[in-house]
1. Could you check the range 36-54 and list, in sequence order, the residues that are within 12 Å of SER8 (Cβ to Cβ) and surrounded by fewer than 15 Cβ atoms within 10 Å (Cβ to Cβ)?
2. Applying the selection to the range 40-64, what residues are in contact (Cβ under 8 Å) with a residue 24 or more places away in the chain and not polar (S, T, N, Q)?
3. Every residue in the range 15-35 that is under 11 Å from the mean Cα position of the chain (by Cα) and either open to solvent by 70 Å² or more (accessible area, probe 1.4 Å) or in contact (Cβ under 8 Å) with a residue 40 or more places away in the chain (or both), please.
4. Against the conditions (1) open to solvent by less than 50 Å² (accessible area, probe 1.4 Å); (2) among the small types (Gly, Ala, Ser); (3) assigned to a helix (DSSP H, G or I); (4) more than 18 Å from ASN68 (Cβ to Cβ), where does SER7 fall short? Just the number, please.
Amino acid sequence: MTVALHSSPADQILALQGPEGISDYISERTKRRQLSSIIRRLNADAKSDQTDVRRKAIQALGRLGFVND
């Protein structure tokens, strides 16, 4: 998996290719014990006043399988 480390978690997730890319991302972040902090960051960004930040965070959460109501 090649994901730029300097980009935001939302950008990293949106750049993933296919279901196996998402699965690998989740597995790797879980092994590193980083997934919950990434989800917290995406949730915070989903409430941002910045439209682009909010839109990307919501899309990234959707790609990870979280439903947005």
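The values are calculated or read from the model by the stated rules, or taken from the named source; none is laboratory data. Everything numeric here is computed off the predicted structure, so don't read it as measured data. Positions of Cβ are generated from backbone atoms using ideal geometry, with glycine treated the same way; all protein chains shown enter the neighbour counts. For accessibility, only protein heavy atoms count, side chains too; no ligands or nucleic acids. Shrake-Rupley method; radii C 1.70, N 1.55, O 1.52, S 1.80 Å.
1. If the condition is that a residue be within 12 Å of SER8 (Cβ to Cβ) and surrounded by fewer than 15 Cβ atoms within 10 Å (Cβ to Cβ), then ALA44, SER48, GLN50, ASP52 are the ones that fit.
2. So the first thing to find is which residues in the range 40-64 are in contact (Cβ under 8 Å) with a residue 24 or more places away in the chain, and the list is 41-42, 45, 53, 56-57, 59-60, 63-64.
ARG41, LEU42, ASP45, VAL53, LYS56, ALA57, ALA60, ARG63, LEU64 - these are the residues of the range 40-64 that are in contact (Cβ under 8 Å) with a residue 24 or more places away in the chain and not polar (S, T, N, Q).
3. Going residue by residue through the range 15-35, those that are under 11 Å from the mean Cα position of the chain (by Cα) are 15-16, 22, 25-26, 29, 35.
Result: LEU16, ILE22.
4. (3)
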